[in-house]
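Since every read-out is calculated from the coordinates, none of them should be taken as a lab result. For clarity, every value in this text was computed on a predicted model and none was experimentally measured. Virtual Cβ from ideal backbone geometry, glycine too; neighbours counted across all protein chains shown.
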Amino acid sequence: MKIINPECFTRLPDAILFDTDNTLYPYDPAHAAAQSAVRDKVVNMFSISPDEFDKAFKQARDQVKTRLKHTASSHSRLLYLQRMLEIMGLGSQVLLALDFEQTYWRTFLSNAVLFDGVKELLDDLRLLGVPTAIVTDLTAQIQFRKVVYFGLDHYFDFIVTSEEAGFDKPHEAPFQIALEKMRPKGDCIWMIGDNPVNDILGAREKINAVTLQKVHAGVDMGTDMNTPDAAFNEFSELQKLIAKLGVQR
């Protein structure tokens, strides 16, 4: 574990906020498997090439994100797939769009694996009386499904999605709503996430949080304004820090 600002870690936090995607589990392998499953299905159904699928899907995704900007629905695979079918000249094809979306998320979840040590850390935090919340982008339904799939529904006290907040991180709304729900006893708030802008800079600027970045393959540690107060590779490292601070209190 790399502690950049040791003065931030002299006591247990009053609350901890957690990002979900690519923080509690590696996002890329699950997404790659899910995207491949949808691609195979579309390619076989419509006798198109994988490249044609990729081109139409990218065009659809870009259009949806441009239109919806930093909102939960800008991440909607259902909207991407609906628009992709329209770009392919097939109309909205509601039933097919739903089927492809279910294929995506079913495959995604079956390939998503929690990082080692997540549940152990959350168990320790509960025993120490430190409240926890998930603060995550995307729509409530799929994020709730992920939490239940991972068996984390009884580990976190609260959850805030960008659908509920009306904005993705780094907007202040998701962070503020989490604190309103948690009502922490003090102002020492930790934010744990992988994204140096959305999680690290966002939480620092919006709620003056102590920031901890989860670093692993494909994640670069934030620099300059996005530098976290600490960075870690394994949740066991964070568990040791929490244990040390718990003894000191």
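Charges on Cβ only, +1 for Lys and Arg, -1 for Asp and Glu, centred on the Cα centroid of the chain; of Gly129, Phe144, Ile189, which one is farthest towards the dipole's positive end?
Checking the options against the dipole of the chain, the answer is Phe144.
What fraction, in whole percent, of alpha-carbon pairs in region 112-249 exceed 19 Å separation?
53
Any idea what angle helix 77-87 forms with the longest principal axis of the chain, computed on alpha-carbon atoms, 0 to 90 degrees, nearest 10?
30
Taking Cα centroids, how far is region 212-230 from region 96-171 in Å?
Using only Cα atoms, the two centres lie 21 Å from each other.
Compute the Cα gyration tensor for region 56-99, then decide on rounded, prolate or oblate, letting a ≥ b ≥ c be the square roots of its eigenvalues: rounded whenever a/c is under 1.5, prolate when a/b is larger than b/c in the other cases, and oblate in all that remain.
Note, shape of region 56-99 comes out oblate.
Out of region 59-123, which trypsin sites (Lys or Arg not before Pro) are coil in DSSP terms and have no more than 15 other C-beta atoms within 10 Å?
Here the trypsin sites (Lys or Arg not before Pro) that fit, given the DSSP loop and packing criteria, are Lys69.
Can you give the FRET efficiency to the nearest 0.05 for Asp40 and Glu172, using r as the Cβ-Cβ distance and R₀ = 35 Å? Walk me through the numbers on the way to the answer.
Numbers: r = 41 Å, r/R0 = 1.17.
Once rounded, the FRET efficiency stands at 0.30.
Could you give the size of the charge dipole of region 56-206 about its Cα centre, using +1 on the Cβ of each K and R and -1 on the Cβ of each D and E, expressed in debye and rounded to the nearest 20?
380
Counting Lys and Arg as +1 and Asp and Glu as -1, each charge on the Cβ, what is the dipole of region 29-110 about the Cα centre in debye, to the nearest 20?
The calculation lands at about 320 debye.
Please give the calculated 222 nm ellipticity per residue for the chain, where each DSSP H segment of at least 4 residues contributes -39500 (n - 2.57) and the sum is spread over every residue; nearest 500 deg cm²/dmol? Can you show the working numbers first?
Values: 10 runs with 122 residues, N = 249.
Using -39500 (n - 2.57) per qualifying helix, the result is -15500 deg cm²/dmol.
Just the number, please: Stokes-Einstein D of the chain in µm²/s, Kirkwood Rh from C-alpha pairs, 20 °C, 1.002 mPa s.
112
In degrees, nearest 10, range 0 to 90: what is the angle between the Cα axis of helix 27-46 and the longest Cα principal axis of the chain?
In the chain, helix 27-46 runs at an angle near 10 degrees to the longest axis.
How large is log10 of I(q)/I(0) for region 29-110 at q = 0.18 Å⁻¹ when the intensity is taken from the Debye formula with one equal scatterer per alpha-carbon?
-0.70
May I ask you to derive the relative contact order of the chain, considering only C-alpha pairs under 8 Å and at least 6 residues apart, and to give it as an integer percent?
28
Considering only Cα-Cα distances, which of the following residue pairs are longer than 21 Å: Lys146/Lys214; Lys181/Lys214; Lys65/Lys169?
Table pairs above 21 Å Cα-Cα are Lys181/Lys214.
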